[in-house]
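Here's the structure we're looking at; comments come further down.
The numbers here are math on the coordinates, done by the rules we state, and not lab data. Since the model is a prediction, treat every value here as computed from it, not as a measurement. Ideal geometry is used to build each Cβ from the backbone, glycine not excepted, and the neighbour counts take in all protein chains shown.
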Amino acid sequence: MSTKDTVLELFEKNRGFFVSGERIASELGISRTAVWKAVKKLQCEGYEIEAITNRGYCLAKSSDILSVQGIRNYLDENAASLRPEVFVTVDSTNNVCMKKAGQGEDEGYAAIAGAQTKGRGRRGRGFFSPADTGIYMSILLRPDAYPGTQVLRLTTMAAVAVCEATEKLSGKTAGIKWVNDVYIGGKKVCGILSEASYALEDGRLDCVVVGIGINAYKPKGGFPREISARAGCVFDHQSAGKRNQLAAEVLNRFMAYYRSGSTDDHFEAYRQRSLVLGKDIEISKNDVVRKARATGLDEDCGLIVRYEDGSEAVLKSGEVSIVGIEN
């Protein structure tokens, strides 16, 4: 860990309180000059650190910048082994994880960013990822316990984890539109995109990257016109450290499901939060749109539907919209 990172970790633990440069230097075993340089770097990165002669330095309570140290403060035993790396901006956190996977990175690496320049949603769509108001993160997994046919379960685990985390921290009820969108108050607040890589030699599942994009706050100037009718946010007002806490809470809950060894632990939670079960829907797949009714979920969280002609099918992929509702 760099000097800057160790100084930030100490500030996070003493957020809102002044810590003298002498104490920081003593606790970390570095010089006062090194402390000063670290503080300057953090201030340049946007951290609100106040410096007062004879009092020391103070990380403002109002600061809501994403940081590894801030996230680690909230990780529990389920996610303690994760290796988060925080970026100010990336093209796509999924891209970062896929590149890491190709370089041999082990399971547990997590790329977390405050903004994306090329965020991606399903079917090649862009994902609106403005700075300072969202959480964009991807988790690298090498899931030996999950065959390729069960990758869908990882997406649904992430959806449940986001629902539980946002409900805990916001007090609002969250629901899931199959398969990967989380809604609060009729507005989409989160999208999930899981991508898998397979070994060429034997078709074995090599890795899965689970990407999660959350609108924590409403962006300045509002959402773009093309998504303003359906996009929403988790929190009504910005609050100190809230994005770090939410990121950690999602990771805690997702990893608890992932490490449980049971593929059924999240199923009932997913079913109860489903926004489509019992509803008339439209299914878009391969540029063909068909009307159906969502009647249930199979053991892998595939969507069981009954078409207008009475035939039934189980969907493992495809775009679903609820008839009569802005999706």
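Translational diffusion of the range 99-190 was estimated from the Stokes-Einstein equation, with Rh taken as the Kirkwood radius over Cα pairs; at 25 °C and 0.890 mPa s the coefficient is 164 µm²/s. Over all orientations, the range 280-322 has a Cα convex hull whose mean projected area works out to 2.8 square nanometres. For Leu152, Leu66, the sequence from fewest to most other C-beta atoms within 10 Å is Leu152, Leu66. With Cα atoms as the point set, the chain shows a radius of gyration and Dmax of 21.5, 79 Å.
Legend: distances between Cα atoms for Lys61/Lys187; Lys218/Lys291; Lys118/Lys188; Lys41/Lys61; Lys172/Lys291; pairs beyond 28 Å are Lys61/Lys187; Lys218/Lys291; Lys172/Lys291. Adding -39500 (n - 2.57) for every DSSP H run of four residues or longer, then dividing by how many residues the chain holds, sets the calculated 222 nm ellipticity at -8500 deg cm²/dmol. Each residue of the range 170-183 was assigned a 3J(HN,Hα) from its phi angle through the Karplus expression (A = 6.51, B = -1.76, C = 1.60, θ = phi - 60°), giving 10, x, 9, 7, 10, x, 10, 9, 3, 10, 9, 10, 9, 10 Hz with x at Gly and Pro.
Which of rounded, prolate, oblate describes the range 1-160, given a ≥ b ≥ c as roots of the alpha-carbon gyration tensor eigenvalues and a/c under 1.5 marking rounded, otherwise prolate only if a/b is larger than b/c? Note, shape of the range 1-160 comes out prolate. In percent, rounded to a whole number, the relative contact order of the chain is 15, using alpha-carbon pairs under 8 Å and six or more apart. Net charge dipole, the chain: roughly 1100 debye, given to the nearest 20, about the Cα centre with Cβ charges of +1 for Lys and Arg and -1 for Asp and Glu.
Remark: Ile65, Ile71, Ile214 ranked as Ile65, Ile214, Ile71, counting other beta-carbon atoms within 10 Å and listing the fewest first.
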